[in-house]
1. Quick check, is MET260 out of contact with any Lys or Arg (no Cβ under 9 Å at 6 or more places or on another chain), within 30 Å of ALA163 (Cα to Cα), at pLDDT 95 or above and in a strand (DSSP E or B)?
2. Take the stretch 241-264 and flag every residue that is under 22 Å from ALA351 (Cα atoms) and hydrophobic (A, V, I, L, M, F, W, C).
3. What pairs can you find where one residue is in the stretch 415-444 and in the same structural domain as VAL292 (by TED's automatic domain parsing) and of a type in the set (Lys, Arg), the other is modelled with pLDDT of 95 or more and assigned to a helix (DSSP H, G or I), and their Cβ atoms are less than 8 Å apart, with a gap of 6+ or different chains?
4. Just one of the numbered conditions (1) more than 14 Å from VAL422 (Cβ to Cβ); (2) crowded, with 21+ Cβ neighbours inside 10 Å is not true of ALA383; which one?
5. Which of the following residues is surrounded by fewer than 19 Cβ atoms within 10 Å (Cβ to Cβ) and either of a type in the set (Val, Ile, Thr) or assigned to a strand (DSSP E or B) (or both): VAL317, VAL348, VAL310?
6. Quick one: would you say VAL364 is touching a helix residue (DSSP H, G or I) at 6+ places or on another chain (Cβ under 9 Å), surrounded by 21 or more Cβ atoms within 10 Å (Cβ to Cβ) and not assigned by TED's automatic domain parsing to the domain that holds VAL215?
7. Inspect the stretch 243-253 for any residue being crowded, with 16+ Cβ neighbours inside 10 Å and touching an Asp or Glu at 6+ places or on another chain (Cβ under 9 Å) and give the result as yes or no.
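The values are calculated or read from the model by the stated rules, or taken from the named source; none is laboratory data. Because the structure is predicted, anything quoted here is derived from the model rather than measured. We place every Cβ from the backbone using ideal geometry, glycine too, and count neighbours over all the protein chains shown.
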Amino acid sequence: MRGLLGAALVTATLLSAPAKAADEGRLAPEMVRLDNGLTLVVVANPRMPAVAHFVFYKAGSIDEPSGKSGIAHFLEHLMFKGTPTVPDGAYSRVIARNGGRDNAFTTYDYTGYYQLVPAEKLPLVMEMEADRMANLAFTEPQLESERRVVLEERFSRTDNSPAALLREQTRAAFFLNHPYRLPVIGWEHEIRGLGYADARAFYERWYAPNNAIVVVGGAVTMATARPIAERTYGRIAARPVPPRKVNSEPPRVSETRLEMTSDRVRQPYVSRAYMAPSIITGETEHAYPLEVLATIMGSGVSSRLNRALVLDHSLAVSAGAGYDSAQIGPATFNVFATPRQDVPPAAVEAALGAEIERVRKDGVSEAEVARAVRRIQDSTIYAKDSLSGPARIVGSTLAIGLPVEEVDAWPQRIGAVDVAAVNAAARFIFREENAITSVLLPKGGKGS
């Protein structure tokens, strides 16, 4: 048993460690804006032998016209169809031939394209990305071919997965008015109706240099990257980009519950989500405390949910929590568990509810907060040592409208979170009318 002096020393170490971790996690991005409005950011890391090159467009599925769900993601696919100087399919082949790899992703709030290449190939990827920013060319037959690819992606990732279908239905039921209620990939019937004019209009509306953020990380400096960016991206003329108009979310007044059964389900699953503020929307003072609360409740083997449901009472094979504050619109705070085969899902649901109520009523401890803060800050240090991590973090932060200074302020803001703020955030979100419960069951199973 540790004596009182030993315990005091450990507590002091935990409380003083965040300041050091905050300094170690600094990315120190440099940012300039080109004459045409394009934002260029460099996150230098001389220890890296290569570069990560990202282009973020401030356009995602929240910007889609009504009835056109999936067009942002569809366009992401079509961006690989070439330009008058780069034939269809050649883009990725050129990157691979030069020792790199590339991909893209669409989110609710933005769309990103990236390449990981040797440092000397940065001019090549900037030239190719600038080319398709200005000169994307695709035909009706190419669009129809890519539609089949997107539909197959939806089938394999969503329609063929009961868990994914339930998540989609849960999100649609949870968000009453905000476009976060729509799937990023789109509803199948709307994907089938998307046409050439829809894709071309979305491209011309949003894919402008003054609506783009280029982030380069790794073995690069601003002195190297800026001249390349100016002679590639800098040639593209700015054009008017409309303001982003997004419906706001009304208050929730009733708890919601969904149960789904399927003969393809072998393992039940229970989750509960709470509407929460993000770093931009709602009661933003709770955003950083909620990041800490999610770590306390559901990150790692010593988290509250894992201890209570998995280790102590053997009710579940896994349990956790999740929250992401980096969104334009409202966020969700999620708790979830997978019951053991011999345990009724209703028992696991009750146990989740009991742990949530315990936190809401009794709060968390100072020691839990100190450990969670250090854990989060340590993760920023680990991210710094990856090639793509820093560039993606910086780009996504800017893409949702936060200033570049917020990137390095993140560890300090997490470090400033105290136990009172965490407990206030828990009381704020853990309200019955603020929740939606989802239960996935095998055919013939019962959730309660």
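1. Values: out of contact with any Lys or Arg (no Cβ under 9 Å at 6 or more places or on another chain): yes; within 30 Å of ALA163 (Cα to Cα): yes; at pLDDT 95 or above: yes; in a strand (DSSP E or B): yes.
Yes: the conditions hold for MET260.
2. Those that are under 22 Å from ALA351 (Cα atoms) and hydrophobic (A, V, I, L, M, F, W, C): LEU258, MET260.
3. ARG427/ARG360
4. The number of the failed condition is (2).
5. Working: VAL348 fails: surrounded by fewer than 19 Cβ atoms within 10 Å (Cβ to Cβ); VAL310 fails: surrounded by fewer than 19 Cβ atoms within 10 Å (Cβ to Cβ).
After ruling out the rest, the residue left standing is VAL317.
6. Details: touching a helix residue (DSSP H, G or I) at 6+ places or on another chain (Cβ under 9 Å): yes; surrounded by 21 or more Cβ atoms within 10 Å (Cβ to Cβ): no; not assigned by TED's automatic domain parsing to the domain that holds VAL215: yes.
Answer is no for this residue.
7. Within the stretch 243-253, one or more residues are crowded, with 16+ Cβ neighbours inside 10 Å and touching an Asp or Glu at 6+ places or on another chain (Cβ under 9 Å).
To keep it simple, each residue is scored yes or no on (1) under 19 Å from the mean Cα position of the chain (by Cα); (2) more than 22 Å from GLU204 (Cβ to Cβ); (3) of a type in the set (Lys, Arg).
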residue: PRO49; (1), (2), (3): no, yes, no
residue: PHE56; (1), (2), (3): yes, no, no
residue: GLY70; (1), (2), (3): yes, no, no
residue: VAL86; (1), (2), (3): no, no, no
residue: VAL94; (1), (2), (3): no, yes, no
residue: ASN98; (1), (2), (3): no, yes, no
residue: GLY112; (1), (2), (3): yes, no, no
residue: LEU116; (1), (2), (3): no, yes, no
